[in-house]
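J.: Below you will find the structure I want to go over with you.
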Amino acid sequence: MSTTPVDTWAVDLADVTFIYPWVGWEGVMAIVAIVLWILWHVWQCRFENNTYKEDIEKHATSENLRKATSGEI
Amino acid sequence: MDTDVAAITTVFTEFYYWVTVALMFLIHVGFCMYEVGASRIKNHMHTLLKNSMLIPLVTITWFFFGWWIYWAFPGGPGITGGIGHPDPSFAEAYTPWGESMGPRLDDRISGVFWAAFLLFAWTAASIVSGAVIERIRKFAFWMIAIMIGSVTWSIDAAWGWHYSGWMVELLGYHDAYASGVIHAIAGGTALGVLIVLGPRLGKFAADGTPRDLLPHNPWLVCIGLFMIYTGFWGFYVACNVPVATPDFIAGQITGTTQTATTIYLTPTTLSAITMNFLMSLAGGMLAGYMVSKGDAFWTYSGGLAGIITASAGNDLYHPYQALIIGAIGTFLMYKLHYWVERTFKVDDAVGAVAVHGYAGFIGLVIAGFVLWGHPSSPYEGFAAINPVGNFVGAIIMFWVLGFIPGWILAKILQTFNLLRIPREVELLGLDFGSMQEADRARKEVTAAELAAHSSG
């Protein structure tokens with residue numbers, strides 16, 4: 001099942017415009033890409049919040065805070 | 001490309017912009033080196049990733065809407081024309097599903113031109129990145145990066161860095177190498193964010209006296225700045241149209257002599273901007289060395305500030321003018337940096353607001369006076385360059401499109417507790433967890449190696 005607009009190079013190149021597959025589906029591809037972009041931010045925001053939470057739970061002891069601020073770590 | 005001359009011209013132009021993109025990558029390498037060098041060891045990897053990830057995020061959003069904004073809003077809209085003024089076919093072609101947003105054999109320029117503008121967008125966002133190190137959340141910074149990289153810089157470029165921009169037409173605004181449209185807006189945005197974000201813990205004493213949070217690696221900082229100088233060549237060259245005929249420009253120019261032009265399609269030469277780039281760099285470094293009394297960081301930053309100050313008019317200045325203007329901008333931005341720090345308790349970790357924001361603003365104002373009366377455009381009816389137009393333009397760049405959106409977005413992020421990292425994490429360092437993991441892994445490997453050695 002070919003989806004490319006070019007099925008032969010036996011042509012005058014002056015007549016060739018698009019060379020990528022799925023010509024006519026650009027709007028759908030744009031919507032998919034935009035949705036994926038937004039979902040990435042949602043995931044990243046949650047991931048970052050959880051990372052800070054875990055860091056505080058695991059490492060924020062008074063000894064570690066003292067070492068980190070004094071440059072021992 | 002059906003004749004040899006047409007083919008050479010087209011491929012030369014395509015290659016010309018492609019080279020600028022490769023060169024401008026070095027700006028980003030430089031910014032990363034510079035920021036990592038300026039941050040403390042406990043924050044290195046976070047600092048690096050915070051900056052690096054603006055590359056994919058600004059790239060995709062520049063594809064989705066940034067490039068379209070540039071072509072949609074030169075008229076305001078509603079000031080000198082509607083959406084797409086003066087030729088709506090461009091805006092239509094550059095929607096995210098537009099016909100010029102994919103490979104086609106009858107359009108060999110759109111892709112490289114899109115990319116050159118994208119690299120400007122990365123630069124604008126990257127300028128803000130350095131100012132906010134060691135306490136901003138990645139999510140927050142990336143939202144700010146998208147705002148300036150794919151929205152506000154694109155609007156300012158449409159208004160003041162387009163051959164039909166309303167600021168050019170009505171104000172006579174002239175900013176050939178982006179003193180305002182990249183640097184002043186980025187400095188203004190950084191200042192707006194910094195005021196909401198607040199200083200790093202320990203930056204100011206209880207009585208308000210600023211403390212130096214010294215760079216972890218001054219060498220890396222300086223080499224990073226050197227790298228930005230290198231990439232700046234690509235930036236300058238990308239601001240030009242390499243060759244244009246009077247027919248192509250379609251303005252008031254008569255005859256058949258072809259020329260390089262600025263983004264406004266006003267004639268200049270590559271030689272002019274090369275001499276002026278170097279002379280303004282020299283003026284900035286000399287002044288930076290003097291005003292900072294030999295401080296390496298401010299001497300290198302002075303070189304950048306010198307170029308940035310002179311950039312608005314470096315298509316037209318005499319090299320002596322570029323030299324002096326670069327020196328003046330550097331002197332003033334240095335003084336302003338410490339005055340703002342002391343007076344308003346603003347912690348600009350790398351001096352980005354000063355080097356880019358103040359120097360860019362000052363450069364626009366100076367260009368308005370020095371270039372007073374020079375035509376801003378090859379088209380009839382456009383205002384000539386003048387002091388008022390460039391001063392108003394500087395306010396629009398730094399305050400209206402820079403400071404205000406930066407402050408508002410930072411306030412929104414702060415409202416949802418998404419702007420600043422937790423206090424404990426800031427004290428521990430953003431890389432504390434991963435550094436502990438790495439330390440544990442190293443100890444395990446060492447123990448395993450010792451065990452193998454003992455049993456062998």
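Computed from the coordinates by the stated procedures, all read-outs in this text should not be read as laboratory data. The structure displayed is predicted, hence computed values, not measured ones. We place every Cβ from the backbone using ideal geometry, glycine too, and count neighbours over all the protein chains shown.
J.: Give the average, rounded to an integer, of partner chain Cβ atoms located within 10 angstrom of each Cβ in A:39-51.
T.: Details: counts 0, 4, 5, 0, 0, 5, 8, 1, 2, 7, 5, 0, 5.
If you average over the peptide's residues, the count of other-chain Cβ atoms is 3.
J.: Would you list B:F120, B:F113, B:F12 from fewest to most Cβ contacts within 10 Å? The partial results should precede the final answer.
T.: Working: B:F120 23, B:F113 17, B:F12 11.
By the 10 Å Cβ count, ascending, the order reads B:F12, B:F113, B:F120.
J.: Using Cβ contacts closer than 10 Å as the measure, can you line up B:D175, B:D439 from fewest to most?
T.: Working: B:D175 35, B:D439 11.
Listing B:D175, B:D439 from fewest to most nearby Cβ atoms yields B:D439, B:D175.
J.: Also: Counting pairs of alpha carbon atoms under 8 Å apart in space and at least six apart in sequence, what relative contact order in percent does chain B give? Don't skip to the end; give the middle numbers.
T.: Details: 913 pairs, mean separation 102.4, N = 456.
Taking the mean separation of contacting Cα pairs over the length of chain B, I get 22 percent.
J.: Hey, another quick one. Just subtract the alpha-carbon distance of B:F25 and B:A452 from 0.36 nm times their residue separation and send over the number in nm, one decimal. Let's see the in-between values first.
T.: Values: separation 427, 0.36 × 427 = 153.72 nm, distance 4.60 nm.
Net length gain for the segment: 149.1 nm.
J.: Could you pull out every residue, at least 5 positions away or on a different chain, whose amide H is within less than 5 Å of the one on B:T268? Hs are placed 1.01 Å off N in the peptide plane, and Pro or chain starts have none.
T.: B:A260, B:T261, B:T262
J.: For the residue pair B:R342 and A:A33, what label-to-label distance in nm results when each label sits 7 Å from Cα along the Cα-to-beta-carbon direction?
T.: With each label point 7 Å from Cα toward Cβ, the separation is 5.1 nm.
J.: What average number of partner chain Cβ atoms lie no more than 10 Å from the Cβ of the residues making up B:421-432?
T.: On the way: counts 3, 6, 3, 10, 7, 2, 6, 11, 6, 3, 2, 9.
The per-residue average across the peptide is 6.
J.: Give me the percent of Cα-Cα pairs in chain B that sit more than 29 Å apart, rounded to a whole number. It would help to have the intermediate numbers written out before the result.
T.: Values: 47981 of 103740 pairs.
Above the 29 Å cut-off, chain B has 46 percent of its Cα pairs.
J.: Stretched out fully, how many nm does the piece from B:L201 to B:W372 gain, at 0.36 nm a residue minus the Cα gap?
T.: My answer for the length gained is 56.9 nm.
J.: Roughly how big is the protein assembly as shown's charge dipole about its Cα centre, with Cβ charges of +1 (Lys, Arg) and -1 (Asp, Glu), in debye to the nearest 20? Spell out each step's value before the answer.
T.: On the way: 26 positive and 39 negative charges, 439 e Å.
Result for the protein assembly as shown is approximately 2100 debye, rounded to the nearest 20.
J.: Let me ask another. At q = 0.07, 0.09 Å⁻¹, what base-10 log of I(q)/I(0) does the Debye formula yield for the protein assembly as shown when every alpha carbon is treated as an equal point scatterer in vacuo?
T.: These q points yield log10 I(q)/I(0) values of -0.42, -0.68.
J.: Next question, about the same structure. Provide the per-residue ³J(HN,Hα) series for region A:40-46, in order, calculated from phi with Karplus coefficients 6.51, -1.76, 1.60 and θ = phi - 60°, each as a whole number of Hz, with x at glycine and proline positions.
T.: 4, 5, 4, 4, 4, 5, 5
J.: Right, something else. Label points 7 Å out from Cα along the Cβ direction at B:R211 and A:V11: separation in nm?
T.: Taking the two extended label points, one gets 6.8 nm.
J.: What nm value, rounded to one decimal, do you get for the distance between A:I56 and B:I41 when each label is placed 7 Å out toward the C-beta?
T.: Label at A:I56, label at B:I41, 2.7 nm between them.
J.: Please rank B:H85, B:H337, fewest neighbouring Cβ atoms within 10 Å first, as an exposure proxy. Kindly include the intermediate steps, with their values, before the conclusion.
T.: Details: B:H85 25, B:H337 22.
By the 10 Å Cβ count, ascending, the order reads B:H337, B:H85.
J.: Structure shown: which of A:K53/B:K138; B:K138/B:K203; B:K138/B:K335; B:K50/B:K293; A:K53/B:K50; A:K53/B:K42 lie over 24 Å apart, alpha-carbon to alpha-carbon? Walk me through the numbers before you get to the answer.
T.: Values: A:K53/B:K138 15 Å; B:K138/B:K203 21 Å; B:K138/B:K335 31 Å; B:K50/B:K293 33 Å; A:K53/B:K50 19 Å; A:K53/B:K42 18 Å.
Beyond 24 Å between Cα atoms: B:K138/B:K335; B:K50/B:K293.
J.: Could I ask something else about it? Using a Cα-Cα cut-off of under 19 Å, which aspartates and glutamates could be cross-linked to A:K58, ignoring same-chain neighbours fewer than 8 residues away?
T.: Cα-Cα hits under 19 Å: A:E48, A:E72, B:E424, B:E426, B:D431, B:E437, B:D439.
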